[in-house]
1. When only Cα pairs under 8 Å and 6 or more residues apart are kept, what is the percent relative contact order across the chain?
2. Could you pull out every one of the lysines with an alpha carbon less than 28 Å from that of Lys38, ignoring same-chain neighbours closer than 8 positions?
3. Name the most mobile residue of Ile12, Ile62, Ile52, meaning the one with the largest mean-square fluctuation, in a Gaussian network model of the chain with Cα contacts below 10 Å.
4. Which shape class, rounded, prolate or oblate, goes with the range 5-83 when its Cα gyration tensor gives a ≥ b ≥ c as root eigenvalues, a/c under 1.5 marks rounded, and past that a/b bigger than b/c marks prolate?
Amino acid sequence: MARTIKQAKELIESLIPLQENGDVFPCPRCGHNRMDKKLARNALSRRADVYICSACGTEEAILDMLGKEPLPLNQWAMVLGFDSEDEEENT
């Protein structure tokens, strides 16, 4: 079952304390291993209180500049990964 935008945001933002603690994970938006170990070298998302890779940060900024819709939070790689794990457990 797909999460609502609110549920997705809560899940995504649960990552920030771990990021601030120095833990390095794949980018929660794209899922690629592009996150820099130095948190400040990554981008702070415009959509959720969490760090994303620089490439995703640039994409968010370009979409905003062009007036395009952002990638919905429930379509971020981190959320889709959790949702697919939940589906596997239920089968």
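1. Values: 109 pairs, mean separation 29.9, N = 91.
Relative contact order, the chain: 33 percent.
2. Lys9
3. Maximum fluctuation in the GNM of the chain, among the listed residues, is at Ile62.
4. On the way: a/c = 1.77, a/b = 1.17, b/c = 1.51.
Verdict is oblate for the range 5-83.
Since every read-out is calculated from the coordinates, none of them should be taken as a lab result. It should be emphasised that the depicted structure is a prediction, and the values quoted were computed from it without experimental measurement.
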